[in-house]
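What follows is a single structure, written as structure tokens, with notes after it.
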Amino acid sequence: MVASDVPTLDPQRIRELFDLRSDVYASRGGAFETDPYPAFHRLRETGPVHPGIVGPLVGFHGEAFFQGLPYPELAHFSVFDHATCQAVLRDSETFVSAPSAPGPERAMADTLLLYMDGVKHRRYRALVQPSFVPKRGGWWSERWIESTVRALLDAIESSGRSDLNVDFCAAIPLLTICGSFGIGVSDALRIREAATSDGRDAHILVEILAPIIAERRREPADDLISVLVQAEVTEEDGERHRLSDVDILGFSHLLLAAGSGTTWKQMGITLLALLTHPQWLAAARADRAVLRAAIEESLRWMPTDPMFSRYATKDTTLGGVDVPAGSVIHLCFGAANRDPARWERPDEFDPSRPPGAHLGFGGGPHICLGMHVARAEILTAISALLDRLPNLRLDPDAETPRIIGMYERGPTAVPVVWG
């Protein structure tokens with residue numbers, strides 16, 4: 001990826017692909033504008049577990065395609081407190097990631113890490129885990145994150161006004177994850193389009209990635225595709241083999257979809273939290289340790305993915321509620337992260353609160369693989385904004401930004417002025 005190419009991304013296409021109110025996010029409840037947190041509190045106060053799906057329980061009744069959805073033939077239960085969410089995440093025998101009914105997710109269970117369980121999940125995750133540990137942060141920052149951030153700021157710095165959601169936040173994780181796969185800027189938006197198509201445009205991933213996979217098999221480079229091409233997995237019978245192209249495409253689909261589709265929203269949420277709490281913005285400008293704390297607090301206070309799901313392998317009882325085998329268990333991380341049994345004043349954005357393990361990146365064996373990269377992206381990006389854009393503040397002439405969405409949440413915009 002050439003940094004000078006970054007500003008050539010089509011801003012109109014970025015707006016379409018990174019606007020929660022667009023058709024792209026309709027199946028994730030992107031246009032849902034009601035604040036779900038009062039309903040989360042009411043539900044949790046009447047019991048940690050409720051029959052039903054998170055969306056309808058808080059007032060969203062649109063059709064949804066998300067992890068654990070729709071599966072109308074299965075029983076659904078939703079969990080709203082921290083302790084029960086943690087109990088489900090830690091019991092990977094009773095609550096698994098592989099769907100219990102036929103559907104598009106189960107069809108991908110053999111090749112997509114998100115739906116693998118047990119020994120197979122551990123073996124396959126271990127193939128790429130070393131590329132995502134904290135000590136590899138420099139590899140990500142120096143090769144992709146820092147150059148992308150600089151190029152984007154070079155393009156907007158003189159204007160004095162920007163919607164950072166479109167002009168800045170969206171491109172950073174997209175170009176970082178694409179760069180790590182050897183995918184150029186010219187194909188980045190096509191990758192995002194394919195990743196948000198609910199499987200309809202999977203052929204685009206194959207079209208772009210197949211030549212890169214073939215090239216890395218001939219001549220490995222210092223990127224994720226080369227890691228996957230050279231990786232060997234040991235099966236239960238002790239046989240070792242290299243990943244097939246299908247295996248690599250499965251890994252790539254998950255990493256490209258998650259890597260390009262979550263961090264931009266969390267970056268925007270963090271920015272809005274700081275911009276609407278000027279005392280914390282000033283403190284973060286003066287001390288980057290405060291900025292790190294603000295990022296963690298934003299993940300607790302307003303996680304961009306407030307729900308993920310598991311499937312019950314047997315009849316069980318959860319939070320005093322009988323749950324039959326095969327049921328879908330929706331873990332509402334957003335509600336769990338504001339459980340007053342764990343945090344004082346849970347609805348307040350307060351980076352000074354004592355640190356505590358939150359569920360902003362999920363938990364258990366499937367905790368977000370890219371969480372350290374996401375933290376590095378947000379920290380590098382906001383640090384650069386504070387360094388280069390003096391007197392950064394919300395644009396008083398713009399429409400007041402809001403955080404919206406049901407199964408994916410993020411800002412409508414991040415309109416700012418500076419100077």
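For every residue, the table says whether it meets (1) polar (S, T, N, Q); (2) without any contact (Cβ under 8 Å) to a residue 40 or more places away in the chain; (3) assigned to a helix (DSSP H, G or I); (4) open to solvent by 30 Å² or more (accessible area, probe 1.4 Å).
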residue	(1), (2), (3), (4)
84	yes, no, yes, no
89	no, no, yes, no
92	yes, no, no, yes
101	no, no, no, no
106	no, yes, yes, yes
111	yes, no, no, yes
114	no, no, yes, yes
119	no, no, yes, yes
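Inside the stretch 67-82, can you point out the residues that are part of a loop (DSSP other than H, G, I, E, B), in contact (Cβ under 8 Å) with a residue 60 or more places away in the chain and not polar (S, T, N, Q)?
68, 69, 71, 74, 75, 80, 81 - these are the residues of the stretch 67-82 that are part of a loop (DSSP other than H, G, I, E, B), in contact (Cβ under 8 Å) with a residue 60 or more places away in the chain and not polar (S, T, N, Q).
Taking only the stretch 28-44 into account, find how many residues are surrounded by fewer than 19 Cβ atoms within 10 Å (Cβ to Cβ) and part of a helix (DSSP H, G or I).
5
So which residues in the stretch 121-138 are exposed (fewer than 14 other Cβ atoms within 10 Å of the Cβ), in contact (Cβ under 8 Å) with a residue 12 or more places away in the chain and among the aliphatic types (A, V, I, L, M)?
Of everything in the stretch 121-138, just one residue is exposed (fewer than 14 other Cβ atoms within 10 Å of the Cβ), in contact (Cβ under 8 Å) with a residue 12 or more places away in the chain and among the aliphatic types (A, V, I, L, M), namely 133.
Residue 416 fails exactly one of the following numbered conditions: (1) open to solvent by less than 30 Å² (accessible area, probe 1.4 Å); (2) in a loop (DSSP other than H, G, I, E, B). What is the number of that condition?
Only one criterion in (1) open to solvent by less than 30 Å² (accessible area, probe 1.4 Å); (2) in a loop (DSSP other than H, G, I, E, B) is unmet by residue 416, namely (2).
State which residue is farthest from the chain's Cα centre (by Cα) when the search covers only the stretch 291-301 and only residues that are open to solvent by 30 Å² or more (accessible area, probe 1.4 Å) and of a type in the set (A, V, I, L, M, F, W, C).
Looking at residues that are open to solvent by 30 Å² or more (accessible area, probe 1.4 Å) and of a type in the set (A, V, I, L, M, F, W, C), I get 293.
For the stretch 196-210, state whether one or more residues are within 24 Å of residue 12 (Cβ to Cβ) and touching a strand residue (DSSP E or B) at 6+ places or on another chain (Cβ under 7 Å).
no
Filter the stretch 321-345 for residues that are touching a helix residue (DSSP H, G or I) at 6+ places or on another chain (Cβ under 8 Å) and part of a loop (DSSP other than H, G, I, E, B); which is nearest to residue 361 (Cα to Cα)?
Result: 337.
Inside the stretch 233-263, can you point out the residues that are in contact (Cβ under 8 Å) with a residue 12 or more places away in the chain and in a strand (DSSP E or B)?
Those that are in contact (Cβ under 8 Å) with a residue 12 or more places away in the chain and in a strand (DSSP E or B): 233, 234, 242.
Among the residues in the stretch 155-171, are any under 18 Å from residue 244 (Cα atoms), crowded, with 22+ Cβ neighbours inside 10 Å and either over 19 Å from the mean Cα position of the chain (by Cα) or not polar (S, T, N, Q) (or both)?
no
So, in the stretch 302-335, how many residues would count as being under 15 Å from the mean Cα position of the chain (by Cα) and open to solvent by 20 Å² or more (accessible area, probe 1.4 Å)?
2
Only one of these is open to solvent by less than 40 Å² (accessible area, probe 1.4 Å) and at pLDDT 95 or above: 340, 396, 401. Name it.
401
Can you give me the number of residues within the stretch 13-52 that are under 24 Å from residue 103 (Cα atoms) and either out of contact with any Leu (no Cβ under 7 Å at 6 or more places or on another chain) or free of Cβ contacts under 8 Å to residues at least 40 places away in the same chain (or both)?
Summing the residues that are under 24 Å from residue 103 (Cα atoms) and either out of contact with any Leu (no Cβ under 7 Å at 6 or more places or on another chain) or free of Cβ contacts under 8 Å to residues at least 40 places away in the same chain (or both) in the stretch 13-52 gives 8.
Take the stretch 280-320 and flag every residue that is charged (D, E, K, R) and not in a helix (DSSP H, G or I).
287, 305, 310, 314, 315
Just for the stretch 224-276: of the residues that are under 17 Å from residue 203 (Cα atoms), under 17 Å from the mean Cα position of the chain (by Cα) and open to solvent by less than 10 Å² (accessible area, probe 1.4 Å), which one is modelled with the lowest pLDDT?
Per the stated criteria, the residue is 251.
Being open to solvent by 30 Å² or more (accessible area, probe 1.4 Å) and assigned to a helix (DSSP H, G or I) is the filter; apply it to the stretch 45-66 and report the residue that is farthest from residue 340 (Cα to Cα).
Once the filter is applied, the top-ranked residue is 56.
The values are calculated or read from the model by the stated rules, or taken from the named source; none is laboratory data. Please read these numbers as outputs of a predicted model, since none were measured by experiment. All Cβ positions, glycine included, derive from the backbone under ideal geometry; neighbour counts span all protein chains shown. Keep in mind that these areas ignore ligands, DNA and RNA; they rest on the heavy atoms of the full protein, side chains included. Shrake-Rupley method; radii C 1.70, N 1.55, O 1.52, S 1.80 Å.
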